[in-house]
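Quick notes on the structure that follows.
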Amino acid sequence: MQASTSTVWQWLSEIPDPEIPVLSLTDLGVIRDVCWQEGTLVVTVTPTYSGCPATAVISLDIETKLRSCGIDNLRLDQKLSPPWTTDWLSEAGRQKLKDYGIAPPVTGTRSTAAGGRIARLAGKETFSVACPRCGAHDTEKISQFGSTPCKAAYRCRACLEPFDYFKCH
């Protein structure tokens, strides 16, 4: 008997992201589709970016989890287009980031217009990142790169605590 796709989604929601373990792979939005094709479970995954070092671990974790749940016929498909975006983070995932001390991406800052990309690359972003600890918006970027390539290092001027900001992609 085949597990329902809703059951498979539930199993996948139990797999933590290897870089930010408070997020599940479904919170992160990297699982794009789950379907049965001629008796084979096909899971479609979009990595956060093509060079993400966690991609192999994510695939292994998915395979290990689903095989432990009795899935024998499994195929993992990687889909690079459309590319992953922070818009795919679930609301629960955004809250989990904040509770963990990582500022989630600021809504509306993922501009696809050339001006938005140029401002971001030039470090002239005009949005405010709230401190995940005290909520203050008096924060400053310390470095474009934080503990992983998808995060930037910030500091709160109000509580003086450093924190990571999950950059918009």
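Against the conditions (1) within 27 Å of C131 (Cα to Cα); (2) over 18 Å from the mean Cα position of the chain (by Cα); (3) not aliphatic (A, V, I, L, M), N73 satisfies every one except (1). Of the residues examined, D77 is one that is in a strand (DSSP E or B) and either β-branched (V, I, T) or exposed (fewer than 14 other Cβ atoms within 10 Å of the Cβ) (or both). Taking the conditions (1) at pLDDT 90 or above; (2) not assigned by TED's automatic domain parsing to the domain that holds G51 in turn, Q78 satisfies each one other than (2).
Within region 111-147, restricting attention to residues that are β-branched (V, I, T) and either more than 15 Å from C168 (Cα to Cα) or surrounded by fewer than 16 Cβ atoms within 10 Å (Cβ to Cβ) (or both), the residue that is modelled with the lowest pLDDT is I118.
Taking the criterion of being in contact (Cβ under 8 Å) with a residue 12 or more places away in the chain, among the polar types (S, T, N, Q) and under 28 Å from P149 (Cβ atoms), would at least one residue in region 8-18 satisfy it? Looking for residues that are in contact (Cβ under 8 Å) with a residue 12 or more places away in the chain, among the polar types (S, T, N, Q) and under 28 Å from P149 (Cβ atoms), one finds at least one in region 8-18, hence yes.
Examine region 148-158 for a residue that is within 27 Å of P47 (Cα to Cα), modelled with pLDDT under 70 and not in a strand (DSSP E or B), and state whether such a residue exists. Checked region 148-158: no residue is within 27 Å of P47 (Cα to Cα), modelled with pLDDT under 70 and not in a strand (DSSP E or B). Checking each residue in region 15-42 for being in a loop (DSSP other than H, G, I, E, B) and closer than 19 Å to I71 by Cα picks out I15, E38, G39.
Each residue in region 84-110 was checked for being assigned to a loop (DSSP other than H, G, I, E, B) and surrounded by 13 or more Cβ atoms within 10 Å (Cβ to Cβ), and 10 of them qualify.
Filtering region 30-51 down to residues that are surrounded by fewer than 19 Cβ atoms within 10 Å (Cβ to Cβ) and touching a helix residue (DSSP H, G or I) at 6+ places or on another chain (Cβ under 8 Å), which residue is farthest from K167 (Cα to Cα)? Taking the candidates together, the pick is W36.
The values are calculated or read from the model by the stated rules, or taken from the named source; none is laboratory data. Small disclaimer: the values here were computed from a predicted structure and weren't measured. Cβ: placed from backbone, ideal geometry, glycine included. Neighbour counts: every protein chain shown.
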